[in-house]
Amino acid sequence: MAAIAFQLNGQDVELTGISPTTTLLNWLRYDKGLTGTKEGCAEGDCGACTIALRDQSGDWLPVCACIQLIGMVHGREIRTVEALSAEGSLHPVQSAMADGHGTQCGFCTPGFVMSLWVAQQNDALTGREQVCDALSGNLCRCTGYGPIIDAALGLDPTGSNSEAPDAVVSAPAQPLHYRSEAQQFWSPTTTDGLADIIAENPEATILSGATDIGLWVTKHAFNPDKIIYTGRVAYLRRIERRDGNLLIGAGATYREAAEALGELHPGLSPLIRRIGGAQVRAAGTIGGNIANGSPIGDMPPALIAAGGVLHLRHGARRRTLPLEEYFLGYGQQDRAPGEFIEAVEIPLQSTPSSLRCYKIAKRHDQDITAVLGCFSVDVADDAVTSARIAYGGMAATPKRAAAAEAALTGATWNRDSIGKAMAALADDFTPMSDHRASAQYRSRIARNLLLKYFHDRSGIAPDLPSEPLAMS
Amino acid sequence: MSEVAGSALPHDSAQKHVAGTAVYADDMPEPRDLTHIYIAMSEQPRARLTRVDLSAVRTARDVLWVGCADDIPGVNDTGPVVRDEPMFTASETSGGQVHYAGQALFAVAASSLAAARAAAELADVDYAVEDPVLTIEQAMQAESFLQPPYRMARGDVDAGLANAARRLSGRIEIGGQEQFYLEGQVAVAFPGEDDEVRVISSNQHPSECQLIVAHVLGIPAHAVTVEVRRLGGGFGGKETQGNLMAACAALAAKATGRPAKVRLDRDQDMILTGKRHEFRIDYDVGFDPDGRILAIRFEQMARCGWSLDLSSAICDRAMFHADNCYFLPAAEIISHRCRTNTVSNTAFRGFGGPQGMVGIERVIDHIAHDLGLDPLAVRTVNYYEAPDGTGERAATPYHMTVEDCVIDEITTDLVASSDYARRRAAIEAWNSDSPVVRRGIALTPVKFGISFTTTHLNQAGALVHIYQDGSIQLNHGGVEMGQGLQTKIAQIAAAELNVDLDRVRITATRTDKVPNTSATAASSGADLNGMAVREACVELKARLTRFLCETENVTEADITFLPNRIRFGAREISFDDLAKAAYLGRVPLSATGFYATPKIHWNRDSARGRPFFYFAYGAAVTEVCVDTLTGESRMTRADILHDVGRSLNPAVDLGQIEGGFIQGAGWLMIEELWWDDHGRLKTHAPSTYKIPTAWDRPEVMNIGLWEKGMNRELTIRRSKAVGEPPLMLAISAHQAISHALASMGSAYPALDCPATPEEVLRAIDRTGQ
């Protein structure tokens, strides 16, 4: 019988008879008694449960164990805080945190330790900004963060792990079909295999990073009979250039996409940096963000503004459609049962890129968008030749601003035309009020973001400075 | 004395924190027969329960026990001060009244949490929905109050206002705040012999928890033991709010004969338990052309929620801090305690003080804007007089004389170290031609009253044992929740006995070791418990001294406690050997210590007295930048000088200051509680409720302990309490945003709290831009 097989802190583990939707955190804490990993929220938003996970990429990743389902761990290597000081002495990350007064109540601490350990393995503790990125998904309510940041900056920034991945990770990937009582969990390794299983089981839940589905499990007791996990299909994770376009596999994580897009599409990577925290970016996927159809997902408006085309597949049949047409209405997408997203393709922009994305939320890091404005306006001889403008948080779906685009197209690229386009947004959107923002604020921000884009293109930096005013 | 007290030692559990081996309530190995409890909550904010049928819940799979209002052997109440909080509101015989969305209806114990949660869904409950009172506005209109209005006053306010050269009035809305301790509420109960029960609770107030468990079970307090080793954060949110969970676990444990655990998930925790009070403050102030306040009237309105909980003392403390550092020659403060159909608000670091302080700081900022002055000039002209002054400008609105006001000196030092004046001028120049981003800077002071204003709570006990090998175990009533209390206490004990710190072990706080303790709250942990521990150590030293005098033929004057050894006459004995000898000499090596804060008294009827032993002071300068298109803001630099007296542990104190400041900045800038029109909290998890992250910390932070600090009162080693006061230093961040926005137009921005991007844009509109 198939088992969920992985490595935990250097020990091989094979599990049978366990529900594949058991969270890794619950298994660690209540089955294994490894209580160093804490639960703070059970939704991937506080980082107290951060563990290190190594997948076929060979890199260590920070992962929230609370929304990682145990079936997803098959073929992975896991390290928890207990392993860092297994030989009796603290790891330098741990010593730095303890000696540098980086702990007060201590409850969030193991999560911070693991985030920093992973960042160090990836040579990513090179400066304050990088440290804050590494800690973007870890909440501390006691320290105010200063001692933690200082502890991190005092570490060797390049602690590259020379250790080769364990055999469980480096072995050629074999598909898994796991059963426990009435539940089935598939973890295929090829896109053809994936396509067949999805086509044969159209009612199954398709699972990628579990940064959303994990919450259905923890918050709404969701416990489906059939789950198909895409995370081990290497082909789905590719990011490649193709005929002047960029093809992003649906299974590419935010983290992988941000890395690849940094050079190829500089308008997109700053936005990806603001999606979730480091743990969510290491798990969540571009395809998942599109597939679930949320009106406040960050990738769809950005990819729509970038001219994205969606690649869908059903068994052996493939089709494409402009990304904006995928979103039919609230909770409704143009995806047939048995069909799945294989990739999204966007044209590579000429340099300098005209695409800019501005995300407004109550908090800079790890917050869900109130309004996202994505703009790509091409100008030749002071006249707008084309305008692609898309917003998130303004309607039941990610949506283009047709009236604003029309107002701009052909017009002279100046403040007056921007003003007209800002006014035209009233015809494009009737947003709603909720806990993230009022309708009035959303409308106002939508207008102001267009003006921000104009300023940005005119050389006024869009981001708030991090430094105090320089004194002469 | 050893230098151990006053040194910057790391937290005593730091090594365990980082290794993941520090044990919290949910980390103890679970007994095999543990039952898991799910608490079912109301969906409606205000309703009569017309039908409650739990029969399907009882017969559901794996269910071991169901408890509702009918199943409580003692009293169905977990109210800490008055009995107005039914623990379970649902009764199968009489229905019940629902007071807020999220109120506990009943509980289910099953062999797994999933089974308990699934079973709870099977309850048949009908609601006859009534119109809820949700907001301060609605409560004021409906005159829905938990208590009559309370008033503190001094001087002739009407005459002062009428005669003042200038007069202003205004209003500020101040949002609430979720404590967001990282460790949620947990309680595990173990049934014992007869009526005994032992409860492990994540709780700041074990003694009160013990009494409430006893009360609910209908048994004497001696049958209940409550134990707390450490909390994963408390911040006031576990002062009274853990009692329901503890009582629930104890009830299930006694009913099933098995250990029982309640562990709330984050959403339940945030919906079910209380938060910082939301306030609305109206003000009417008269002042002279220099900004000197002549008379002021405040009306403070607090959203207390459905029950009293600690709201009386919290609202009182808001009034006690309506003056902050400022002498108010004529002042009237009226407080309305609004009863609403929302969660019962409770303690949170500062305990009402922050809201009162935000009120007066707004007034100062408003006056400065009106007069075109730097708010700092208005602040300093209004400060209470320094110690040993004439006494003419030292009386508070509650008729206490401020004898220790060092804020002027702190301000002077901070203005210099932060280069305030030059930076403010540079910012104003920069703003005049910055198209989108504006900057702001503000200095605000803090004066925070130290003592429980409920006078009898200012007492503490300790129990110290010296074992015959010379090792020392100590216990006291304080709870460790990250504030470094145990570290400081161990330092105090080691210093008193002049032994190495590692000889001293602090054990879990337990109601059977030290009884009748007060909550670890009001910043009092080290002040009260440190003194009690010191008393016990002094007693033990006296016994050892007497023993040496009697056996070695020396006098007290011949005896000196040196590090880990004692000199008597020309000879020395190690501490270990002395302990052994004293044991053999039949000397009792266990002592209790007790402390009651002197000098304090308070007459609530006349609103006069000396509620505070002393005041803690500090000041902060914060610089921010604001995007005037989006309303986003960011702190770029903060400079803090804070008075902790003579620090017991500078590292711990600096940690409290920085942590408090960032927590306060979260409250005033980012964190927003949002209820829908049906009274349902929609920001009930970190996905929707945003506390600061590392990115939100200003890149430049210069935090200093004020070097001249020295408590004028005889506190433990002349230190000052530090838990709460620094939170209010963050008012400077809010006022810095106000400064930035004031550059947008001519009218006053009247920025409310929190200064979310949305509120910032509204404030820009108010400037007339």
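The values are calculated or read from the model by the stated rules, or taken from the named source; none is laboratory data. Remember, it's a predicted structure, so these values are computed and weren't measured experimentally. Please note: Cβ atoms are built from the backbone with ideal geometry, for glycine as well, and neighbour counts cover all protein chains shown.
If you go through region B:158-199 and keep only what is within 14 Å of another protein chain (Cβ to nearest Cβ) and outside any loop (DSSP other than H, G, I, E, B), you end up with B:Q177, B:V186, B:V188.
The residue list B:D388, B:D419 contains one member that is of a type outside the set (A, V, I, L, M), more than 30 Å from B:K513 (Cβ to Cβ), more than 14 Å from chain A (Cβ to nearest Cβ) and without any contact (Cβ under 8 Å) to a residue 60 or more places away in the chain, which is B:D388. When B:R422 is tested against the conditions (1) among the charged types (D, E, K, R); (2) in a helix (DSSP H, G or I); (3) in contact with a strand residue (DSSP E or B) (Cβ under 9 Å, 6 or more places away or on another chain), the lone failure is (3). Looking only at residues in region A:218-234 that are closer than 21 Å to A:L194 by Cβ and outside any loop (DSSP other than H, G, I, E, B), the one that is nearest to the other protein chains (Cβ to nearest Cβ) is A:I227.
For B:T59, the criteria (1) more than 14 Å from chain A (Cβ to nearest Cβ); (2) touching a residue at least 12 places away in the same chain (Cβ under 8 Å) hold in every case but one, which is (2).
Of the residues making up region B:736-764, those that are over 23 Å from A:A437 (Cα atoms) and of a type in the set (S, T, N, Q) are B:S743, B:S746.
Taken over region B:200-229, the criterion of being within 14 Å of chain A (Cβ to nearest Cβ) and either over 25 Å from the mean Cα position of the chain (by Cα) or surrounded by fewer than 24 Cβ atoms within 10 Å (Cβ to Cβ) (or both) is satisfied by B:R229 alone.
Could you tell me whether B:A109 is modelled with pLDDT of 95 or more, within 14 Å of another protein chain (Cβ to nearest Cβ) and surrounded by 20 or more Cβ atoms within 10 Å (Cβ to Cβ)?
Values: modelled with pLDDT of 95 or more: yes; within 14 Å of another protein chain (Cβ to nearest Cβ): no; surrounded by 20 or more Cβ atoms within 10 Å (Cβ to Cβ): yes.
Taking the combined requirement at face value, the residue does not satisfy it.
What residue, of B:G679, B:G645, B:G664, is crowded, with 20+ Cβ neighbours inside 10 Å, at pLDDT 95 or above, at positive phi and within 14 Å of chain A (Cβ to nearest Cβ)? Show your work before the answer.
Values: B:G645 fails: within 14 Å of chain A (Cβ to nearest Cβ); B:G664 fails: at positive phi.
Just one listed residue meets the conditions, B:G679.
Residues in region B:22-40 that are more than 7 Å from every other protein chain (Cβ to nearest Cβ) and without any contact (Cβ under 8 Å) to a residue 40 or more places away in the chain: 1 in all.
Against the definition (crowded, with 16+ Cβ neighbours inside 10 Å, among the aliphatic types (A, V, I, L, M) and not in a strand (DSSP E or B)), how does B:A60 come out, yes or no? Yes; evaluated as a whole, the condition is true for this residue. Being under 24 Å from the mean Cα position of the chain (by Cα), outside any loop (DSSP other than H, G, I, E, B) and away from every other protein chain (no Cβ under 14 Å) is a property that A:L25 lacks. The requirement of being within 30 Å of A:C105 (Cα to Cα) and either surrounded by 15 or more Cβ atoms within 10 Å (Cβ to Cβ) or more than 8 Å from every other protein chain (Cβ to nearest Cβ) (or both) is not satisfied by B:E43.
Identify, please: which residue in region A:419-471 is out of contact with any strand residue (DSSP E or B) (no Cβ under 9 Å at 6 or more places or on another chain), more than 28 Å from A:A396 (Cα to Cα) and more than 9 Å from chain B (Cβ to nearest Cβ) and is, among those, surrounded by the fewest Cβ atoms within 10 Å (Cβ to Cβ)? Only one residue tops the list, namely A:G459.
When you go through A:R179, A:R128 one by one, which is the residue that is surrounded by fewer than 18 Cβ atoms within 10 Å (Cβ to Cβ), within 10 Å of chain B (Cβ to nearest Cβ) and out of contact with any Pro (no Cβ under 7 Å at 6 or more places or on another chain)? Just one listed residue meets the conditions, A:R128. When B:H739 is tested against (1) assigned to a loop (DSSP other than H, G, I, E, B); (2) crowded, with 24+ Cβ neighbours inside 10 Å, exactly one condition is not met: (1). Only one of the listed residues (B:E403, B:E428) is surrounded by 15 or more Cβ atoms within 10 Å (Cβ to Cβ), within 32 Å of the chain's Cα centre (by Cα) and either farther than 22 Å from B:L641 by Cα or in contact (Cβ under 8 Å) with a residue 60 or more places away in the chain (or both). That residue is B:E403.
The residues of region B:1-21 that are of a type in the set (A, V, I, L, M) and either more than 14 Å from every other protein chain (Cβ to nearest Cβ) or closer than 30 Å to B:V538 by Cα (or both), listed by number, are B:M1, B:V4, B:A5, B:A8, B:L9, B:A14.
Only one entry of A:F107, A:F6 meets the criterion of being farther than 30 Å from B:L485 by Cβ, among the aromatic types (F, W, Y) and in contact with an Asp or Glu (Cβ under 8 Å, 6 or more places away or on another chain), and that entry is A:F6.
Do you know which residues across region B:542-587 are surrounded by 13 or more Cβ atoms within 10 Å (Cβ to Cβ), charged (D, E, K, R) and within 15 Å of B:D469 (Cα to Cα)? B:R565, B:D576, B:D577, B:K580 - these are the residues of region B:542-587 that are surrounded by 13 or more Cβ atoms within 10 Å (Cβ to Cβ), charged (D, E, K, R) and within 15 Å of B:D469 (Cα to Cα). Scanning region A:85-99 for residues that are more than 8 Å from chain B (Cβ to nearest Cβ) and more than 30 Å from the chain's Cα centre (by Cα) turns up A:A86, A:E87, A:G88, A:S89. Of the set (1) surrounded by fewer than 22 Cβ atoms within 10 Å (Cβ to Cβ); (2) without any contact (Cβ under 8 Å) to a residue 60 or more places away in the chain, all apply to B:E699 but (2).
When the residues of region A:131-152 are narrowed to those that are in contact with a Ser or Thr (Cβ under 7 Å, 6 or more places away or on another chain) and within 7 Å of another protein chain (Cβ to nearest Cβ), which ends up nearest to A:Q120 (Cα to Cα)? Here the residue is A:L135. Going through (1) among the small types (G, A, S); (2) within 14 Å of another protein chain (Cβ to nearest Cβ); (3) closer than 17 Å to A:N9 by Cα one by one, A:S19 falls short only on (3). Put simply, of B:E672, B:E658 the only residue that is facing another protein chain (nearest Cβ under 9 Å), surrounded by 20 or more Cβ atoms within 10 Å (Cβ to Cβ) and assigned to a loop (DSSP other than H, G, I, E, B) is B:E672. Within region A:64-84, residues that are over 20 Å from A:P20 (Cβ atoms) and in contact (Cβ under 8 Å) with a residue 12 or more places away in the chain sit with their Cβ atoms under 7 Å from residues that are of a type in the set (F, W, Y) and in a helix (DSSP H, G or I), at 6+ positions apart or across chains, in these pairs: A:L84/A:W117.
Considering region B:431-460, the residues that are under 25 Å from A:A470 (Cα atoms) and without any contact (Cβ under 8 Å) to a residue 24 or more places away in the chain include one that is surrounded by the fewest Cβ atoms within 10 Å (Cβ to Cβ), namely B:D433. Just one of (1) part of a helix (DSSP H, G or I); (2) of a type in the set (S, T, N, Q); (3) more than 14 Å from every other protein chain (Cβ to nearest Cβ) fails for B:T240. It is (1).
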